[in-house]
Amino acid sequence: MPYSQPWNSRQPGCLILLLDQSGSMDEPFGLQQAGGGRRKCEMLATVVNGFLNELITANTVIDKNGMPEVRPRAEVAILGYSGTSVTSALKGGLGRKEFVTLGELQDQPLAVERRKKRELDETGAVYEVEVSFPIWVKPVAGQGTPMCAALRRAAELAQRWAAANPQSYPPVVINVTDGMSTDGDPTAIAQDLCRVATADGQALLFTVHLTNLNSAPVEYPATESELPNDPYAQLLFRITSPVPETSLAQLSAMLHRDLSPGARGLIFNGDAVSVRLMFNFASIPATQLLDPNR
C-alpha cells in the first residue's frame, strides 16, 4: 500500500517548505482570524519555528547512556521566494546545505528568544510562563511571487532526494503562498514535481493560500465548488495533491470532522491555526513510528 512507510532513521522522510516572501506577506491578517492583526510574514515565521522545535522534540529519545539524542528521521529544506529568486530561508551554515537534519537544526538555531506561553493551573486559571523559543526563520516580505521558480527548485531537490532514498516515504512539499504567481502558470512544473516518486508513492504537493479575507479558512476541499470564485484558488486546487488514504483518518481526527474522499491538501484563506495544522499533518509519517530505537 503506498504512503505507508513511516519516517525512521534508516529511511528518513523529506519535507520541503516553500515560503512566499513577496510584498503581500507584509500585510496583516483580518482581525477575526487566528493571528489577526499580525503581519503574515511574522505569523508564518512563528509557525515554522514552532513546528520545527516540536518536530525536533518529537524525534528526540534518551539513549542507553541516559542522554537525549535527536533521531535523523527527517531531512528538511526551507526555501523562501520573492522577486526573481529562490533561496534558503535558513541562514549561516544551514543555509548552505540543500537539506538539513533535525539534529543540525537543534544544534544551529539562528537565535533563542524568551517568549511567553499561556498555561492552566490546577484550578483552571490562566497564567503565563517564559519559555525558550528557537529561531531558524526570520520574517521576510519583498517583491513578486516567483512560484514557478520555487516549485522547479523543489522538484529538483525532491528528485535528488528520492534517488538517494528510493524506499522512503516520498517527498512532501508545502507551498505557503498568496496565490498569485508572477513568473507564469505553475501547473506543468507542479505536475513534474508530483511525478517524482519513491517505491512508497509519488511526491505530495500541499498548499496554503493566504488572502486578505476576514473569514474562516476553507480546509481540505474535495471539489473546486467548495472554494470561492477565485481563479488563483482554483488553480492552486488543481495542482495540489489529494490527501493520501493512509492519512485521511488521522487528519480527520485532527480536524474533528470527516473528510470527503478526494480531499485535497489545500487550505484557502489560511490563518495561524490552520497553517500550523497543515505542518503537523505533513509530518504524520513521523508519528507512525513507535519504536524509539529506529
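The values are calculated or read from the model by the stated rules, or taken from the named source; none is laboratory data. Here the structure is a predicted model, which means the values were calculated and not measured. Cβ: placed from backbone, ideal geometry, glycine included. Neighbour counts: every protein chain shown. Protein only, heavy atoms only, side chains kept; ligands, DNA and RNA dropped before computing areas. Shrake-Rupley method; radii C 1.70, N 1.55, O 1.52, S 1.80 Å.
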For region 136-294, shape from the Cα gyration tensor axes a ≥ b ≥ c, cut at a/c of 1.5 then a/b versus b/c, turns out oblate
Using θ = phi - 60° and the Karplus form 6.51 cos²θ - 1.76 cosθ + 1.60, what ³J(HN,Hα) does each residue of region 93-101 get, whole Hz, x for Gly and Pro? x, 5, x, 8, 9, 5, 10, 10, 8
Once amide H atoms are placed 1.01 Å from N in the peptide plane, what residues at a sequence separation of 5 or more from TRP7, or on another chain, have their amide H within under 5 Å of its amide H? ALA286, GLN288
Given points 7 Å out from each Cα along the Cα-Cβ axis, report the GLN143 to GLN234 separation in nanometres with one decimal. 3.1 nm
Per the C-alpha gyration tensor (a ≥ b ≥ c, the square roots of its eigenvalues), region 20-102 is rounded if a/c is under 1.5, else prolate if a/b beats b/c, else oblate; here it's oblate
Computed FRET value (nearest 0.05) for VAL273 with LEU213, which takes r as the C-beta separation and R₀ as 22 Å: 0.90
Residues meeting the amide H criterion for ALA74 (H placed from the backbone, H to H distance under 5 Å, 5 or more places apart or on another chain) are GLY13, LEU102
Using a 1.4 angstrom probe, figure out how much accessible area region 37-123 has per residue, in square angstrom, rounded to the nearest whole. 54 Å²
Difference of contour (0.36 nm per residue) and Cα-Cα distance, THR60 to GLN191: 43.6 nm
Of all accessible heavy-atom area on region 100-229, the percent that carbon and sulfur account for (1.4 Å): 49 percent
Note to self: with every protein chain in place and a 1.4 Å probe, region 189-294 gives an accessible area per residue in Å² of 43 Å²
When only DSSP loop residues count, what trypsin sites (Lys or Arg not before Pro) in region 253-287 have their Cβ near at most 11 other Cβ atoms within 10 Å? ARG257
What is the gain in length, in nm to one decimal, between LEU255 and THR84 on full extension, counting 0.36 nm per residue of separation less the C-alpha to C-alpha distance? 57.9 nm
Check ASP178: other-chain or 5+ apart residues with amide H under 5 Å from its amide H, H built from backbone geometry? LEU210
What number comes out for the charge environment of LEU205, summing +1 per Lys or Arg and -1 per Asp or Glu over other residues with Cβ under 12 Å away? +2
Run the quick spin-label model on VAL112 and SER132: label points 7 Å from Cα toward the beta carbon, then report their separation in nm to one decimal. 0.2 nm
Shape category assigned to the chain from the gyration tensor of Cα positions, a/c cut at 1.5: rounded
So in the chain, what percent of DSSP beta bridges are antiparallel if you round to the nearest 5? 55 percent
